[in-house]
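**Q** Can you keep this structure in mind? I'll have questions shortly.
Since every read-out is calculated from the coordinates, none of them should be taken as a lab result. Keep in mind the model is a prediction, meaning the values are calculated, not measured. Glycine also receives a Cβ, built like all others from the backbone with ideal geometry; neighbour counts cover every protein chain displayed.
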């Protein structure tokens, strides 16, 4: 019998930024999923018998944080009213991080929400592709959101989409994660999907990419480099350590525990 362990829900197709590699259509569409749709969806999921040992709901695809916190309070209560009493259910957000403020952090903490933040490494690499609609980089706002999550003690991981530029800069990528106290890192490849053709693997092909050397370099650094304290300009908890290596995630979109 099939089992549902992870369910991705799109609350809105709208996104407040315009990443160059995004393959999702209708990112200017401000439609919001109706409560009736959520009721229909979760009623069928919970009645299917396919959810047994717990399920993670990922609010993703579009930017979920463009909707107000009260939308999610209502949605969570609706879902709680439909689920079996003994079912363990976890909510997660996948976000670009630009809208994270103290109110969102308090909500994440109160609801025990796990957060994934999309950041493509240090500013020169991140801002190549992750831009506003007016063409400006989003790194400053994204890293501010990550630092705010850390100050509030909200669990998070990051997803970095590997571009030709970042594949050629494993040392800069690794040192960025360490300096920012980022402990859980997942990698997605830049996909060719919809109307988007990957610059990483589209023309040159995977055999000609820097992916194998990038993977070897990251593994070597994670094994051999002793933990070091970040620069004085960043904060770091006493539990900080080197970024966790996610292995095969470099070769394909990592859909099991991370969402891109």
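**Q** Counting alpha carbon pairs within less than 8 Å and at least 6 residues apart, what relative contact order, in whole percent, applies to region 113-171? Kindly include the intermediate steps, with their values, before the conclusion.
**A** Values: 60 pairs, mean separation 28.5, N = 59.
Relative contact order here is 48 percent.
**Q** Give me the percent relative contact order of region 11-138, please, defined on Cα pairs under 8 angstrom at least 6 residues apart.
**A** Numbers: 162 pairs, mean separation 38.2, N = 128.
It rounds to 30 percent for region 11-138.
**Q** So what's the gap between the Cα centers of region 132-187 and region 39-89, to the nearest angstrom?
**A** Taking the Cα centre of each part, region 132-187 and region 39-89 sit 28 Å apart.
**Q** Calculate, for residue 24 and residue 136, the FRET efficiency according to 1/(1 + (r/R0)^6) with r their C-beta to C-beta distance and R0 25 Å; round to the nearest 0.05. Walk me through the numbers before you get to the answer.
**A** Values: r = 21 Å, r/R0 = 0.82.
Rounded to the nearest 0.05, the efficiency is 0.75.
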